[in-house]
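Okay, so here's the structure we're looking at.
The values are calculated or read from the model by the stated rules, or taken from the named source; none is laboratory data. These numbers come from a predicted model, not from an experiment. Here the Cβ positions follow ideal geometry from the backbone for every residue, glycine too, while neighbour counts run over all protein chains shown. Quick note on the areas: whole protein, heavy atoms, side chains included, nothing else; ligands and nucleic acids left out. Shrake-Rupley method; radii C 1.70, N 1.55, O 1.52, S 1.80 Å.
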Amino acid sequence: MGEHGHGQEIRAARTWTWTVAAFLVGVCLSVGAAWIHHLSLAKTEHDLLERRAERNFDAVETQLRACGLLVRAVQALFLASERVTEEEFESIYENLHPRELFPSLQAIAYASREPSGGLDANGHPRFITTMVAPVRGNERVLGLDIATQPANLRGLLTSRDSDQPSMSGAFTLIQRQGMPGPSDGIVIRLPAYSTGLRPSTLAERQSRFIGSVAISFQVSSLIESALPSETRETMDVRVEDVTESVPRPLFSSTANPAGVLGPPGGVAYRFERKLRFGGRVWRIQLVGHPGVTSNVWLPVLTLFGGLMASLLLASLAWSIASTRARALVLARHLSGQYRESEARFRVLNELLPTLVLLARPDGRLVYANKAARERLAIADPEDTPQSIREFFDDATLGDDGEGEDRLRNVTIRCAGAGYEPFWATLSVSRIDLDGKPHLLAVANDITELRDLNEMLSYQATHDPLTGLVNRREFGRRLDLALEAVDAGGAPSALLYFDLDQFKIINDTSGHSVGDQLLIQLAALLGSHLVEGETIARLGGDEFGILLTPATRERALEFAERVRLEIDGFVFSSEQRTYAVSVSVGLILLDRAGLSQREVLSLADTACYMAKERGRNRVHLYSEKDAETILRRSELEWASRLRQALIDGRFCLHYQELSRLDADADPEGVHMELLIRMRDENGAMVPPGAFIPAAERFGLMLQLDRWVVETALANFSRLHPSGAPVHLCAINLSALTVEDDSFADFVLDRLQRYQVAPEQVCFEITETAAVASMVRVIALMDTLRKAGCRFSLDDFGAGMASFGYLKNLPVDFVKIDGSFIRNIESDVVSLSIVRAVTEIGHLLGLKVVAEWVGDERAVTLLREIGVDYAQGFYLHQPEMALCFR
């Protein structure tokens, strides 16, 4: 007994030794695994935050580049336009929609360089802001001298000679002063040059420099809008301007912008980059905190799982070290658990709605779950041998090779006897069971989803009423046809159908009857189509047919055949019959460069011409149709001009003339009045849009009288400075010159408003003077006797003889701007200007030069002896005081 007991004690000691050793080994492995897991998570988190930081650095840099492109687009306006008006400046702002891309944008502004000698009290050149968009909220910017803002001025001077975007340091925006919220902003600038290509040399840039284009942003909002939302949620961000020695905070997502980013302990992932743009250097710092993007408890769970595994390992060691009987009992117990687990797996697999099939490599079916047996009408595989190939439309299924690899995650059609065919997503993979290869196929029924996708695709491309292709799908096919023509393919044709008097049917019988008519006509039109032809309902009672390819003869024959078919169609509804006809506009797509919008517009024009010529006909588009539409547009303008006069939507702008003789006695303001119009929404309409229509339809007489009446009634309130008006020039049209009662009208208004006639000068163009020489001289003699003055405008444009200057009683001669614009580079233009000036002075006339664009032109004109200069370089037209 003692020896037996001693042996038991030794075996028990050995058992405990192996158990404790196994447990300690498991604990060590668990701790190591947890530590490795922790390091892996930390590395993953660091890499994730580093990529996120890089995206944020790139986002801010991209935002700044986009701002530079925006100001470059505004600069292009000045290079392309001889004189950029406030309306054009506001128009480019509205067309660009900048605040949709840059919510932090405050204003787009233009500062005009003051003429030579314009320096402020500190000796800095003056740059006065003359245009801003939008005006609302930025009224303080108008008239701002950039020299009063050092940060803004430095950016202007930096960009002047380099023609590169220059960004100012952060400063308080003038329009944000006294308003709630942040007021610090930045300004990105580019120089504005006179019309032409972008200057390529420093000398050319300096000579053509006329001002500065600027876009101002609220800096913190600009940075915040560039940062993705995920960054603001997971990382601290700080942006500083480090161009100077003392960093300037621009943005911080923490409560203390000047403090240290990150938690108090300093444990964080820190990323930093310096961005250089527009002469400034920004430092961007991002800090991500550990555990923000990963689960810090995962290593703990790993450790806990390892400890649990260590306990199991210790238990296993205890079991191995125990008696053989306990090992056999444990084996029987585990075997029972395995069988129970397998049984549970089979029960669960039988309940799955997914089709599960198991087959040998040759395709012979071994097992199918309940869903597969019912959906595929499969008998018991053990009783009736079947092949998996019988249930799927693919002969490669079950091949002992790479066939099963090709069938992974494919959409396949299932068809067989005893069940309805259906579509399924099939996934096939090779597995080993009991050391033998098998094929496991898993399928999901997607028939309803496929039918739904097809229905949605049909609805997206077809009209719900007629079942024809809708406008969107028709436009896509039209684009393909235009691309084929651009690539040198065969021409196509577009037919635009519009039912005649369809509105009468809707109004008399109701929209339901109209809908039935559209449905029957759609079926009728569709019956004439063959392959390569597309019919669509474009909206209302309008249809379109695209013929690809098509010649002119085929298109005309097809259109006429369809028109006759519809003309012979009789529509009946509710014991009433209706005769139906259609007007067809036809356009050939036989040249490259056409766009979808242009083609549809021309087809609509052709259809309009078909209606204008009596309806129920086919009209092939020609260039003359565009002239007809233009005259129609001018008729509409005539109506709009009359309504604008009634509504009081005309206003006066003025442009000052500069005296070039610096030694002459000073005189008051010399200005020219310009008529402007606002549309129904309050936006300014360019003169070139309404003046031609006013001249064509005889409305210029009313407009000229309105200008004279308004100018004389507000003579003391024309110039905003209050300075005395030395001479006010008013343009007269050819129609007004021929009006015998106009002189009496002027004399009456001069007396009524007590305006000295010597202060009024009427401008008559050279062409108008030559066309009505007798009437012009009579008008001039009558008004000159009262004291009024006259100017011959656009001299040289009409190829008039110098003899006219001798015969016409004028006081001023205005040289046409086409000669002034090229005076620096065109020797002929310079000679003509010099000759006109000399002859004008011999006749005792004052000479005025128009379209003066830069300081060099001013110098040349002064040397020649020209008396006055006028142009955008010297003064941008602005609204008269009485209309502000």
Worksheet item: Can you name the residue in region 71-86 that is assigned to a helix (DSSP H, G or I) and among the charged types (D, E, K, R) and, of all such residues, is farthest from the chain's Cα centre (by Cα)?
Response: Glu86
Practice prompt. Just give me the residues in region 758-772 being closer than 15 Å to Leu732 by Cβ and either modelled with pLDDT of 95 or more or not hydroxyl-bearing (Ser, Thr, Tyr) (or both), in sequence order.
Written response: Val760, Cys761, Phe762, Glu763, Ile764, Glu766, Ala768, Ala769, Val770, Ala771
Practice prompt. Test each condition in (1) open to solvent by less than 30 Å² (accessible area, probe 1.4 Å); (2) at pLDDT below 80 for Leu49 and report the one that comes out false.
Written response: (2)
Worksheet item: Say we look at region 733-765 and pick out the residues that are open to solvent by 10 Å² or more (accessible area, probe 1.4 Å) and within 48 Å of the chain's Cα centre (by Cα); which of these is farthest from Leu808 (Cα to Cα)?
Response: Leu735
Worksheet item: Mind checking which pairs have a first residue in region 857-874 that is touching a residue at least 60 places away in the same chain (Cβ under 8 Å) and in a loop (DSSP other than H, G, I, E, B) and a second that is among the polar types (S, T, N, Q) and open to solvent by less than 20 Å² (accessible area, probe 1.4 Å), Cβ under 6 Å, 6 or more apart or different chains?
Response: Val866/Thr837
Discussion item. When you check Arg775 against the structure, is it more than 15 Å from Asn731 (Cα to Cα) and surrounded by fewer than 18 Cβ atoms within 10 Å (Cβ to Cβ), yes or no?
Written reply: yes
Worksheet item: Within region 17-65, which residues are among the small types (Gly, Ala, Ser) and within 14 Å of Thr231 (Cα to Cα)?
Response: Ala53, Ala59
Fill in: Of all residues in region 456-474 being aliphatic (A, V, I, L, M) and free of Cβ contacts under 8 Å to residues at least 40 places away in the same chain, the one that is most open to solvent (accessible area, probe 1.4 Å)
Leu456
Worksheet entry | Options Ala711, Ala768: the member that is touching a Leu at 6+ places or on another chain (Cβ under 9 Å), over 27 Å from Asp679 (Cβ atoms) and crowded, with 18+ Cβ neighbours inside 10 Å | Ala768
Item to complete: Within region 215-228, identify whether any single residue is over 25 Å from the mean Cα position of the chain (by Cα), touching a residue at least 40 places away in the same chain (Cβ under 8 Å) and surrounded by fewer than 21 Cβ atoms within 10 Å (Cβ to Cβ), and answer yes or no.
Response: no
Worksheet item: If Arg477 satisfies every condition in (1) open to solvent by 60 Å² or more (accessible area, probe 1.4 Å); (2) at pLDDT below 80 but one, which is the exception?
Response: (2)
Worksheet item: Do we have Leu588 as in a strand (DSSP E or B), open to solvent by 20 Å² or more (accessible area, probe 1.4 Å) and of a type in the set (A, V, I, L, M) here?
Response: yes
Fill in: Selection from region 190-213 of residues that are open to solvent by less than 10 Å² (accessible area, probe 1.4 Å) and within 28 Å of the chain's Cα centre (by Cα)
Leu190, Pro191, Ala192, Tyr193, Gly211, Ser212, Val213
Discussion item. For region 796-808, check the following and say yes or no: at least one residue is basic (Lys, Arg), open to solvent by 60 Å² or more (accessible area, probe 1.4 Å), at pLDDT below 85 and not in a loop (DSSP other than H, G, I, E, B).
Written reply: yes
Item to complete: For region 737-760, indicate whether the set of residues that are at positive phi, out of contact with any Leu (no Cβ under 6 Å at 6 or more places or on another chain) and among the small types (Gly, Ala, Ser) is non-empty.
Response: no
Discussion item. Which residue is most open to solvent (accessible area, probe 1.4 Å), if the candidates are limited to region 531-584 and must be touching a strand residue (DSSP E or B) at 6+ places or on another chain (Cβ under 6 Å), polar (S, T, N, Q) and in contact (Cβ under 8 Å) with a residue 40 or more places away in the chain?
Written reply: Thr548
Worksheet item: Name the residues in region 420-455 that are more than 30 Å from Asp362 (Cα to Cα) and open to solvent by less than 90 Å² (accessible area, probe 1.4 Å), would you?
Response: Arg450, Asp451, Leu452, Asn453
Worksheet item: If you take just the helices (runs of 4 or more DSSP H) that sit entirely in region 445-525, which of them hold at least 2 residues that are over 22 Å from Cys607 (Cα atoms) and in contact with a His (Cβ under 7 Å, 6 or more places away or on another chain)?
Response: none
Worksheet item: Can you name every residue in region 833-856 that is open to solvent by 60 Å² or more (accessible area, probe 1.4 Å) and assigned to a helix (DSSP H, G or I)?
Response: Arg834, Glu838, His841, Leu842, Arg856
Response to the item:
Going through region 816-851 in order, the residues found to be touching a residue at least 40 places away in the same chain (Cβ under 8 Å), within 20 Å of Glu204 (Cα to Cα) and among the aliphatic types (A, V, I, L, M) are Ile820
